[in-house]
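Chemist: Shown below is the structure under consideration.
Nothing in this text is a laboratory measurement; each read-out follows from the coordinates by a stated rule. This one's a predicted model, so the numbers in the text were calculated from it and none came from an experiment.
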Amino acid sequence: MNSFLRDGKGMLLAYDQGFEHGPSADFNDKNIDPSYIMEIAAQGDFTGVVFHKGIAEKYYTGKVPLIVKLNGKTSLPKGEPVSTLVCSVEEAISLGAKGVGYTIYLGSANESVMLEEFGEVEEEAHKRGIPAIAWVYPRGEAVKNDTAPEIVAYAARAGLEMGADAVKIKYTGATDSFRWAVRAAGLTKVFMSGGPKAPTDESFLGQVKGAMDAGATGLAVGRNVWQHSNPLKMAAALHEIIFNNGQIEKALELVAQ
Ligand code: FBP
């Protein structure tokens, strides 16, 4: 995981929502252009950027370490979620990836498909000397609340036991309960997932601070940065919390400047 860490911490910019959610509600005239996100990743000094292979192939400039998401699904099918491979580890590496990502919908009636594929991805990634990062998102009929502390901790633990180098999990809403999820992940690094744009900068930065205080390695964020009116100021605020162990007040000053 070291390729994506600085002083043991990481700040990843995720941009797979065009595939996962569709090019509609999440996007505007600026952020529909992948070049805009590539520039935010570089100028905002992110420690990694996450693309699906098509965007990696056409827009990746090499300025920030690349994670290629290997599986994906659209938001069109209803029913129990399943996300399957659209890219191999080998192809990801040929596109410049220094790590690969894979989403597992834990609790879905189809979870076995993703558990099996992730096992293969993890084996291949480790053979080739790069980390395998698991987006572990509990989802489906059986999951009533995907941010319930016990569910988030389960996601973290499943990541450790599956051999993930890092897990990307949702915030539980409180430092103490997130701390347990970090404990459950053991030596697997924990990245907090950003989620839909928060109503205020303060509420989002509060979540990031809570996760970092709980022992998270960092943040993997998309919409809260590239939907922001000033993504680079938001990036500076995140730096303050993640790398300088800064307080929310200082971070808020940076985003307001
Ligand atoms: P965001 O910060 O925009 O939520 O991005 C993080 C991420 O994990 C993306 O990689 C992924 O596309 C998205 O969240 C998944 O969103 P959802 O939970 O709605 O499927």
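Chemist: I need the phi-derived Karplus couplings for the range 107-123: 6.51 cos²θ - 1.76 cosθ + 1.60, θ = phi - 60°, integer Hz, Gly and Pro marked x.
Modeler: x, 5, 4, 9, 4, 4, 4, 6, 5, 5, 5, 4, x, 5, 4, 4, 4
Chemist: Here's another thing I want to ask about it. Here is the link list: Lys127/Lys168; Lys30/Lys58; Lys144/Lys189; Lys53/Lys170; Lys73/Lys168. Which ones come out longer than 20 Å on Cα distance?
Modeler: From the list (Lys127/Lys168; Lys30/Lys58; Lys144/Lys189; Lys53/Lys170; Lys73/Lys168), the Cα-Cα distance tops 20 Å for Lys127/Lys168; Lys144/Lys189; Lys53/Lys170.
Chemist: Specify the residue with the greatest mean-square fluctuation among His239, His52, His21, computed from a Gaussian network of the chain linking alpha-carbon atoms under 10 Å apart.
Modeler: Maximum among the listed residues: His21.
Chemist: Could I ask something else about it? Convert 4 °C to kelvin, take the viscosity as 1.567 mPa s, use the Kirkwood radius over C-alpha pairs of the range 18-148 as Rh, and evaluate the Stokes-Einstein diffusion coefficient in µm²/s, rounded to a whole number. Don't jump to the answer; show the numbers that get you there.
Modeler: Working: Rh = 15.7 Å.
After rounding, the answer is 83 µm²/s.
Chemist: Quick one: which residues, 5+ away or cross-chain, put their amide H under 5 Å from the amide H of Ser108? H built at 1.01 Å from N.
Modeler: Those qualifying (amide H under 5 Å, at least 5 residues apart or on another chain) are Arg139.
Chemist: Rounded to whole Å and ordered largest first, report the semi-axes of the equivalent ellipsoid of the range 41-108 derived from its Cα gyration tensor (root of 5λ). Walk me through the intermediate numbers first.
Modeler: Values: eigenvalues 121, 33, 23 Å².
Square roots of five times the eigenvalues give 25, 13, 11 Å.
Chemist: Quick one: work out the % antiparallel among DSSP beta bridges in the chain, nearest 5.
Modeler: 10 percent
Chemist: Oh, and also: Can you list residues whose amide H is under 5 Å from Gly10's amide H, if they're 5+ apart or on another chain and H is modeled 1.01 Å from N?
Modeler: Residues meeting the amide H criterion: Gly218, Leu219.
Chemist: Can I ask one more? Go ahead and set up a Gaussian network model of the chain, Cα springs under 10 Å, then flag whichever of Thr200, Thr175, Thr147 fluctuates most.
Modeler: Checking each option, the largest mean-square fluctuation is seen for Thr200.
Chemist: Which whole number in µm²/s is D for the range 107-257 by Stokes-Einstein, with the Kirkwood Rh taken over Cα pairs at 25 °C and 0.890 mPa s? Present the calculation step by step, with values, prior to reporting the outcome.
Modeler: Numbers: Rh = 16.0 Å.
Reported coefficient: 153 µm²/s.
Chemist: I need the semi-axes of the equivalent ellipsoid of the chain: take the C-alpha gyration tensor, multiply each eigenvalue by 5, square-root it, list largest first in whole angstrom.
Modeler: Ellipsoid semi-axes (Å, largest first): 25, 22, 18.
Chemist: Relative contact order (percent) for the range 100-176, with alpha-carbon contacts under 8 angstrom and 6 or more residues of separation?
Modeler: 33 percent
Chemist: Compute the relative contact order of the range 129-257 as a whole-number percentage, counting only Cα pairs closer than 8 Å that sit 6 or more residues apart in sequence.
Modeler: Reported relative contact order: 19 percent.
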